[in-house]
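What follows is a short report on a single structure.
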């Protein structure tokens, strides 16, 4: 069974990402096709990239980096929950990606974005960076609007569940197809 991490990409106080990540997990678990877990960047306290060796070496000095490496290594695929800040994704998420290299390779990622118009630019930027880390990205994505899906608490429109299932279908298919490359 695939292990899929739902990466909560914001560490900001008062973030909307927690409720979104929980919504993703709750819907994903119902499928019964993989193990899903939330991976909250806040729990790893990575700070700014401060490892003296290049991430491609896999030589880490700091315990927090070793914990982060072990977590990402243990996963087959990812759903990245990201806000859009100033037309891109948060610096903390970029930093978390940069801490590692081979741990990301030959895996797949799907996206659930939220913001003024669903975080399309943040997701586009993530696709580019993840490609450089040898992470395949799926074509479908979920874009939640602060104006409609968060207008009175978090109440995503019904069509987002259908879209999320398309993303999950693709992540599962690609995660399975890439398994031989991760052995």
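The values are calculated or read from the model by the stated rules, or taken from the named source; none is laboratory data. None of these values were measured; they are calculated from a predicted model. As a convention, Cβ positions derive from the backbone with ideal geometry for all residues, glycine included, and neighbour counts pool all protein chains shown.
Going through (1) more than 19 Å from residue 4 (Cα to Cα); (2) touching a strand residue (DSSP E or B) at 6+ places or on another chain (Cβ under 7 Å); (3) not in a strand (DSSP E or B) one by one, residue 144 falls short only on (3). The residue that is nearest to residue 19 (Cα to Cα), counting only those in segment 147-165 that are part of a loop (DSSP other than H, G, I, E, B) and modelled with pLDDT of 95 or more, is 154. Reported count of residues in segment 122-135, each being touching a strand residue (DSSP E or B) at 6+ places or on another chain (Cβ under 6 Å) and either crowded, with 19+ Cβ neighbours inside 10 Å or in a loop (DSSP other than H, G, I, E, B) (or both), is 4. Taken together, 72, 123 contain a single residue that is closer than 21 Å to residue 165 by Cβ and in contact (Cβ under 8 Å) with a residue 24 or more places away in the chain, which is 123. Scanning segment 101-121 for residues being touching a helix residue (DSSP H, G or I) at 6+ places or on another chain (Cβ under 6 Å) and in a loop (DSSP other than H, G, I, E, B) gives a total of 3.
Being buried (at least 19 other Cβ atoms within 10 Å of the Cβ), at pLDDT 95 or above and not in a strand (DSSP E or B) is a property that residue 168 has. Screening segment 17-47 for residues that are part of a strand (DSSP E or B) and within 14 Å of the chain's Cα centre (by Cα) and picking the one that is surrounded by the fewest Cβ atoms within 10 Å (Cβ to Cβ) gives 37. Only one of the numbered conditions (1) within 22 Å of residue 138 (Cα to Cα); (2) touching a helix residue (DSSP H, G or I) at 6+ places or on another chain (Cβ under 7 Å) is violated by residue 48, and that is (1). Comparison of 87, 140, 95 shows that the only residue that is touching a helix residue (DSSP H, G or I) at 6+ places or on another chain (Cβ under 8 Å) and over 20 Å from residue 159 (Cβ atoms) is 87.
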